[in-house]
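Asker: Sending over a structure as structure tokens; questions will come in a sec.
The values are calculated or read from the model by the stated rules, or taken from the named source; none is laboratory data. All figures in this text were calculated on a predicted structure; none of them were measured in a lab. Here the Cβ is made from the backbone with ideal geometry for all residues, glycine too, and neighbour counts use every protein chain on show.
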Amino acid sequence: MKTLLRFFLVLIIISSTSYALDFKQTIIIKLKKDEQKKFLVKYENFVKLFDFRWTLYKNGGLVIHRSYDKMVAQNILYKRYKNNSFRLDLKSRGESQKFSTPYILVKFEEFDYKTDEAVLKMFLYDNVGKVSLEEIKERG
């Protein structure tokens with residue numbers, strides 16, 4: 001019986017590590033209030049704009065305004081696990097890519113009260129390797 005339990009435990013550990021996400025790109029971003037961050041998302045023959053900024057930090061919640069391919073949205077992110085990030089699918093989910101749709105995950109890490117900056121991490125998941133992110137630097 002113990003051998004059977006050990007076998008299933010090893011099987012669970014092996015299967016869980018094989019499903020671990022391997023992000024193609026990770027970017028750490030520090031933003032002041034209303035400072036906008038812009039990225040070009042490139043895949044196949046498409047170039048789309050992804051931009052976001054935060055407008056309010058109150059009671060531990062960071063209000064994010066974002067736009068991707070002219071579609072706008074708003075999120076409130078907290079440092080708690082369940083609502084500390086948002087996911088943005090970069091392509092529509094076709095039948096052939098049901099489980100491998102490339103996406104960006106933006107996670108709220110912390111708020112630096114000394115500099116009034118929000119610290120975010122942005123992850124690009126693309127298991128096919130056909131999507132690239134290019135940051136648009138502001139001239140100044």
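Asker: Looking only at residues that are modelled with pLDDT of 95 or more and of a type outside the set (A, V, I, L, M) in segment 88-112, which one is nearest to residue 27 (Cα to Cα)?
Answerer: 107
Asker: If a residue has to be modelled with pLDDT of 90 or more and assigned to a loop (DSSP other than H, G, I, E, B) to count, how many in segment 1-44 make the cut?
Answerer: Looking only at that region, the number is 4.
Asker: Next question, about the same structure. Quick one: in segment 110-136, which of the residues that are hydrophobic (A, V, I, L, M, F, W, C) and not in a strand (DSSP E or B) is surrounded by the fewest Cβ atoms within 10 Å (Cβ to Cβ)?
Answerer: So the residue we want is 128.
Asker: Give the residue, chosen from 43, 78, that is without any contact (Cβ under 8 Å) to a residue 40 or more places away in the chain, surrounded by 12 or more Cβ atoms within 10 Å (Cβ to Cβ) and of a type outside the set (S, T, N, Q).
Answerer: 78
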